[in-house]
Structures are given as structure tokens and as C-alpha cells.
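J.: Right, I'll just put the structure down here and ask away after.
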């Protein structure tokens, strides 16, 4: 069946409108702290560290774009101006001191310009400030366990909840932290290497058996934030999400009191109580 040019044009226009509507719809139901359809940027930042990561990413994007366009322009000039047809008698010039100094010095200055904010960001990530709250995170096959040593030493497991949204990110028990507080994460692995990562917080750190790694974040926005294990850890690697609920100080205090009762029967807490009584 042949279509006229008008029909083809209308068909293409309809496809374009549908694509725009789909992209707009994806953006419409997107929420803070989770991935969204058609996303091509970093997740919206919720911590000062992630703010700097986004800035550094954008800075490098502009820089590499300018460098790429500059090199492309040089290649086009060389192809057009210095081909055999335009220059039947090639130049015998072998040295140009100014150009040689420039192509050595300019890349060095560019690398220094990249290194300074890079080192500053790395220092900010690794230099953990005085913590308001410490949470110990243990990666297991295939779920996470959270312990709050500063708030009664209770511990609970967090497993994927198939009936919760968003898909493959909802859990039965979320990690809960207060807003605008420095949260120190101490993480280890119980069996194999896992990785604790929450994109909106700008954190990603390996959870290694027999080793305690540390990172930190300070969430500046209330809400739910999601991550996943970022280390291939076995057959159910894709099914051990991370869910962090950031709440006000009052809500956090109320949650702690509820969690102490809810997770009092956790075997890990029973062992801790026996050990404390023995001492």
C-alpha cells in the first residue's frame, strides 16, 4: 500500500508528537531520588557532595565539547587547506617553536584546571566530618541489614518488596535518617563484596567482608531516595535495592522509638543483649 507525501508527513508528525508526549509523561511521574524514563542526566542532587559532583560533571562536559570542536576544526582546516590539490608543492617546515610550546603548555594547563576541582571533590568525599548519626550497613546475599549503634543498637533487614513501587526499588524496611544531619555510613559484607550506592547522595562504596569502609552524606531534602548494590555479587544482584527515607528530626525520633520495639525480636539484638548482660 503506497502512501502519499502528505500521509507520510502526517505519520511522521504523529510519531514525533507521541515521542514528545512519552518523554513528557516520563518526566511528569518522575520523583526525587529515583531514576526516570528517558533520563540522560544525573539524578537530582540531594546532598552538598552531589551538588559538587553535578557541577564537576557539567564542567567536564563543556570542556571536552570545546576541545572536541577545536580538534574537529583543525582537522577540517588540514583536510581543506593542506591537501595535495591545494598544495601541489608541500611545505618543508619541520619546526615552529611557538606552536610546539603551545601544544605542550595548553594541555598541561587544562589538566591542572581539571585536577584542582577533582582533588577538592575527592577530599570532600573522603574527609568525613563529625557525624550526627552513624548507621552500620551490612551487605548480604541478597539484601541489606541496617544497625543504629547511636540509637539503642537495634538492627533490621531490608529486603526487596515485590508489591511496592517503584519496581525493583521498593523494600519492606527502609533506612531512615534525619534531614540536614551528617550521616556516617559504616559498611561491610557478610559473604561476598557488595557496594552501597545512592546516586542522589553521591555515595558509592564497596562493602567488603572482613573490612569496614566508611562514607558520609548530609541529605538536604526530605523524601525517599533509592539506590542499588553496584557490585556484581551473585544471581540476585539486581534484586537488593537500597531505600533511604529522609525525615524531620521529630519524625526520626518517633521512628527510633517505634523501631526499638518493632525490631526488638531481631536475633542480632538478642545476642547483643546477652553479651551486655554477661558484662
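Since every read-out is calculated from the coordinates, none of them should be taken as a lab result. Everything quoted here is computed from the prediction, not taken from an experiment. A quick note on method: Cβ atoms are made from the backbone with ideal geometry, for glycine too, and the neighbour counts reach across all protein chains shown.
J.: What are the semi-axes of the equivalent ellipsoid of the range 48-126, taken as the square roots of 5 times the eigenvalues of the Cα gyration tensor, listed largest first and rounded to whole Å? Mind dumping the intermediate values first?
T.: Values: eigenvalues 300, 50, 6 Å².
That gives 39, 16, 5 Å for the three semi-axes.
J.: Further, regarding this structure: Could you tell me what fraction of 2.2 N^0.38 Å the Cα radius of gyration of the range 133-278 comes to, as a two-decimal ratio?
T.: 1.00
J.: For the range 113-194, what are Rg and Dmax over the alpha carbons, in angstrom?
T.: Gyration radius and largest Cα-Cα distance of the range 113-194: 15.9, 48 Å.
J.: Tell me, what is the FRET efficiency for residue 141 and residue 260 to the nearest 0.05, using R0 = 22 angstrom and their Cβ-Cβ distance as r?
T.: Details: r = 28 Å, r/R0 = 1.25.
Plugging the Cβ-Cβ distance into 1/(1 + (r/R0)^6) gives 0.20.
J.: Which order do 91, 118, 45 fall in if you start with the one that has the fewest other Cβ atoms within 10 Å? Can you show the working numbers first?
T.: Working: 91 7, 118 14, 45 20.
Final ranking by Cβ density, sparse to dense: 91, 118, 45.
J.: Once both labels are modelled 7 Å past Cα along the beta-carbon direction, what's the residue 110-residue 41 spacing in nm?
T.: 2.5 nm
J.: Among 194, 95, 237, 57, rank each residue by its count of other Cβ atoms within 10 Å, from fewest to most, as a rough exposure measure. Working shown, then result.
T.: Working: 194 31, 95 6, 237 17, 57 11.
Ordered by Cβ neighbours within 10 Å, fewest first: 95, 57, 237, 194.
J.: Here's another thing I want to ask about it. Please give the contour-minus-distance gain from residue 128 to residue 69: 0.36 nm per residue of separation, less the Cα-Cα distance, rounded to one decimal in nm.
T.: Working: separation 59, 0.36 × 59 = 21.24 nm, distance 3.95 nm.
This chain segment gains 17.3 nm when fully extended.
J.: Along Cα→Cβ, 7 Å out, is where each label goes; now give me the distance between the ones at residue 85 and residue 204 in nm to one decimal.
T.: Here the modelled spin labels are 4.8 nm apart.
J.: Could you work out the equivalent-ellipsoid semi-axes for the range 153-214, taking the square root of 5 times each eigenvalue of the Cα gyration tensor, largest first, in whole Å? Walk me through the intermediate numbers first.
T.: Numbers: eigenvalues 83, 55, 33 Å².
Rounded to whole Å, the semi-axes are 20, 17, 13.
J.: Taking neighbour counts of Cβ atoms within 10 Å as a proxy for exposure, in what order, fewest first, do 218, 85 appear? Before the final figure, lay out each step's value.
T.: Working: 218 18, 85 5.
Final ranking by Cβ density, sparse to dense: 85, 218.
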